[in-house]
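Step one of this worksheet: look at the structure below.
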Amino acid sequence: MQGVISFKQLTAGDKYPFFPRSNHSINGSKFCGFFKRRGFNLSISAISQNDITHEAQDASKRALAKKAVGLVKSGMVVGLGTGSTASLAIEELGRLISQGKLKDVVAVGANYQSRVLARQFGVKTVDLNDVNNVDIAFDGADEVDLNKNILKGGGAAHTMQKVLDSMAKECIILVDQSKVVLQLGSTFPVPVEVLPPAISPVLRRLVTLGGVPEIRSALRKDGPVITDLGNMMVDVSFPNGIQNPAELEKSINIIPGVIENGIVSGVASSVVVAIQGRDDVMVISLEEFAKILRDQTKADST
């Protein structure tokens, strides 16, 4: 695969996925040979999803969806995320319910699409205001760093998803290895949902934060993207990178006229990473992947 950056290159200063020292007790070295024999690429890809085959993407997403739904138990309230991986999780959830393997499960959808898909696959949905808590929520991300900060909003549904994720007792982020980055904002801008009458003053304030804002244009229609909540979307690039995601998240949100932005810090309980092999997909935690990759790099250098 072209464009793959090794751990050694990353530690030399490349602004891409990077795994630092960890206190976890995982013995990564004993898994390295096993992964290599099965054709798993333990380097982290710095290439875009367009360079990965459709079949490989689909296999990774389905493996993540099954892993996520495997955590659901009968009687739970489940938060349904947004994006293609979340859609497959909804499908898998509906399959288990129809087979009688899960009972009395209700779901809360973050947006119109997730609610429609849930009904399509036989998953009972309720309004967020009708539940006191959410047992578990599944969500995807455009980027995730090693501190489990995430960047989302490519589908313009991040505002309600952040509400849902923050309510959940467990928030599980599902990504493939290409989504893990050293620094948020490496490949995606920060989406910001803005009240339409406040668009000009908000744009000016975003510039003072070091951002380069651009109003998101709609596809197959003239004009800007309008969210489910009736607001406009602004994508903000930060040429100098996002040094402190939590601080920037707060700084953007206190701007009058901003509804919510796509940085999500301190919410994810865990991040699950899919690694594509020759014939199958391995799904492991972010911490496990970090440890295994680091130990392999040490072994290769000796």
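Just so you know, all these numbers are worked out from the coordinates, no wet-lab data involved. Fair warning: this is a prediction, and the values are worked out from it, not measured in the lab. Using ideal geometry, Cβ is built from the backbone for each residue, glycine included, and neighbour counts are taken over all protein chains shown.
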Give, in nm to one decimal, the length gained when the segment between ASN147 and THR208 is fully stretched (0.36 nm per residue of separation minus the Cα-Cα distance). 19.3 nm
Relative contact order (%) - segment 190-262, alpha-carbon pairs under 8 angstrom, separation at least six: 46
Calculate the spin-label point distance for ALA218 paired with SER98, positioning each point 7 Å from the Cα along the beta-carbon direction, and give it in nanometres. 3.3
How charged is the neighbourhood of LYS73? Take every other residue with its Cβ under 14 Å from the Cβ of LYS73, and add Lys/Arg as +1 and Asp/Glu as -1. 0
Note to self: Kirkwood Rh of segment 100-216, Cα pairs, one decimal, Å, is 16.4
Arrange the following residues from fewest to most other Cβ atoms within 10 Å of their Cβ: VAL194, VAL180, VAL105. VAL105, VAL180, VAL194
Using R₀ = 41 Å, calculate the FRET efficiency as 1/(1 + (r/R₀)^6) where r is the Cβ-Cβ separation of LEU195 and GLU170; round to 0.05. 0.80
Residue by residue through segment 148-155, which ³J(HN,Hα) values in whole Hz follow from phi under the Karplus form 6.51 cos²θ - 1.76 cosθ + 1.60 (θ = phi - 60°), with glycine and proline marked x? 6, 6, 10, 10, 9, x, x, x
Amide H neighbours of THR187 at under 5 Å, excluding residues fewer than 5 places away on the same chain, with H built from the backbone geometry, are none
Test item: Cα-centred dipole of segment 190-262, Lys/Arg +1 and Asp/Glu -1 on Cβ, debye: 180
